[in-house]
Amino acid sequence: MLDWLSDDQRALRDMAAVFARKEVEPVANQIDAEERTPDELVRKAAELGLYGLYTSEEYGGSGADLVSVCLVSEEIAKASPSFAGMLTVQIVLCPRTVEILGTEEQKRRILPIAASGERLMAYSQSEPGGAANIAAHLTKVIPDESNDLGGYRIDGSKLFCTQGSARTYLVMCKTKDREGSEGYGCVIVEAEDEGFKVAPYEHKLGWRGTNTGPIAFDNVYLEADDILGDILTGGFSHRAANTANLLAHCAVSVGCAQGLFDKTLEQVKQRRLYGREMSELQPVSFWLAEAHGKIAAARALLYDTVRAFEAGTMQPAMSNVCKTFVCETAFDVCVKLLQLWGGSGIMDSTGVNRYMRDARAQCVAEGASEMHYAIIANQLLHGQPTLVPSNIVKKG
Ligand SMILES: Cc1cc2nc3c(=O)[nH]c(=O)nc-3n(C[C@H](O)[C@H](O)[C@H](O)COP(=O)(O)OP(=O)(O)OC[C@H]3O[C@@H](n4cnc5c(N)ncnc54)[C@H](O)[C@@H]3O)c2cc1C
């Protein structure tokens, strides 16, 4: 499979596989149990250049393509889907949003230190009114009229922001410009900004290597150059960054299922039941065969979609098709594979049930499957692959 990969892509995949085996796997259970990613691992990922993988070379990255990013995500997810899931936000979603929306000054200010891992980023859209339901979002940016410096103020709160050790937050929110027009923009909030708060860690089912929680803005001052892109449309006009991230997210699900499959295959090969090899039980071998086929199908769909995306030939809503099929398939496969471990799969000590929990989180993070089905259905029925309300921008 993937026999079309270039030598560079293969080399990168091999490098990621070694990193995953030597550095991620030994701490993967610890990440899940202690619900945090060790600083040392973040540092090693930075040394390897992972945070700058998808950032253009002129801004301190290595300018790899999305196929390479997916290969790396898959390899790391085989060891720790939780760590890999957090990485895609920092490798793909945030830097690509800045590259699409940012001015030259903003790109030079933000991207090199993000690519080196010195100052990581987070992306925040979800609100209590629903993550995708942006019409119901309440966090608002309005012009600061207290002086003539051209600044803004942000007030409100967000939910489920995956942070890792992020210091720079890209926040999607309702906006108002100086002419009174309203829209949905993207602003930069720094962890040190006065009035910005991050809630304490909240325990969760999967993706436990990172804090995913509420953040709040109490009249936080924003300089004019903290507005990323058009103040009225920046929040939804960086779709290529969202799509690329969605596909890298799918690669995490493929790696997650493959990681559990590899461990389960070894377990089945060495386990004896009723005085014979467990693998001789035909239903067990059939389950393995079925899981193998489903993972292969998910991987084929993923890389086919990624290549079409990169070539500019991806059909509308195909990234949503990919997200639902790949993530839900990976979860189903993980549930079934875990069953082959019997009671050992339920025990945390074997370090396998985390795959199923991370696979579940993957089906909600980056949009619940039903939200993606709604987009696919919109495309099929109305030729519109979007849920963004057309009246979100109102001219003043
Ligand atoms: C581990 C993790 C990490 C996350 N990280 C981030 C992050 O970094 N930044 C960020 O902004 N958000 C993040 N999220 C939030 C995530 O994007 C949302 O949880 C997800 O999009 C679902 O939105 P919601 O929780 O608001 O559910 P709701 O929108 O309240 O939906 C609830 C349920 O309703 C159904 N539903 C929703 N929409 C539709 C629809 N259109 N049609 C039919 N049924 C529908 C689905 O079953 C859905 O699960 C993260 C979530 C998780 C679990």
Whether any residue in the range 242-262 is more than 24 Å from the chain's Cα centre (by Cα) and closer than 30 Å to residue 190 by Cβ is what I want to check. no
I'd like the full set of residues that are polar (S, T, N, Q) and within 16 Å of the ligand (Cβ to nearest atom), limited to the range 340-389. 362, 369, 378, 379, 384, 386
Residues in the range 124-132: is at least one more than 12 Å from the ligand (Cβ to nearest atom) and either under 30 Å from residue 356 (Cβ atoms) or in the same structural domain as residue 221 (by TED's automatic domain parsing) (or both)? no
Looking at the range 226-273 only, could you name the residues that are under 29 Å from residue 367 (Cα atoms) and charged (D, E, K, R)? 226, 230, 239, 262, 263
Scan the range 166-177 and tell me whether some residue there is under 19 Å from residue 394 (Cβ atoms), more than 16 Å from the ligand (Cβ to nearest atom) and surrounded by fewer than 17 Cβ atoms within 10 Å (Cβ to Cβ). no
Quick one: which helices (runs of 4 or more DSSP H) sit completely within the range 70-148 and have at least 2 residues that are out of contact with any Phe, Trp or Tyr (no Cβ under 7 Å at 6 or more places or on another chain) and surrounded by fewer than 18 Cβ atoms within 10 Å (Cβ to Cβ)? 104-115
From the list 45, 20, pick out the single residue that is assigned by TED's automatic domain parsing to the domain that holds residue 87, under 20 Å from the mean Cα position of the chain (by Cα) and closer than 26 Å to residue 297 by Cβ. 20
Is there any pair linking a residue in the range 351-379 that is more than 24 Å from residue 239 (Cα to Cα) to one that is assigned to a loop (DSSP other than H, G, I, E, B) and more than 10 Å from the ligand (Cβ to nearest atom), with Cβ under 7 Å and at least six apart or on different chains, and which? 352/341
Cross-chain or 6+ apart pairs with Cβ under 9 Å, the range 382-396 first and touching a residue at least 40 places away in the same chain (Cβ under 8 Å), then part of a loop (DSSP other than H, G, I, E, B) and among the acidic types (Asp, Glu): 395/179; 396/177; 396/179
Take residue 253 and tell me if it is farther than 30 Å from residue 65 by Cα and assigned to a helix (DSSP H, G or I). no
Kindly establish whether residue 85 is outside the structural domain of residue 44 (by TED's automatic domain parsing) and either more than 14 Å from residue 226 (Cβ to Cβ) or away from the ligand (no atom under 14 Å from the Cβ) (or both). no
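Every residue, every condition in (1) of a type in the set (A, V, I, L, M); (2) outside the structural domain of residue 89 (by TED's automatic domain parsing); (3) closer than 13 Å to residue 215 by Cα, yes or no:
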| site | (1), (2), (3) |
| --- | --- |
| 139 | no, yes, yes |
| 144 | no, yes, no |
| 150 | no, yes, no |
| 154 | yes, yes, yes |
| 162 | no, yes, yes |
| 171 | yes, yes, yes |
| 184 | no, yes, no |
| 197 | no, yes, yes |
Under the condition of being more than 13 Å from residue 60 (Cα to Cα) and touching a residue at least 24 places away in the same chain (Cβ under 8 Å), which residue from the range 97-118 is farthest from the ligand (Cβ to nearest atom)? 105
So, of the residues in the range 188-223 that are among the acidic types (Asp, Glu) and in a strand (DSSP E or B), which turns out to be farthest from the ligand (Cβ to nearest atom)? 218
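The values are calculated or read from the model by the stated rules, or taken from the named source; none is laboratory data. Bear in mind the structure is a predicted one, so any value in this text is a computation, not a measurement. Backbone-built Cβ (ideal geometry, glycine too); neighbour counts: all protein chains shown.
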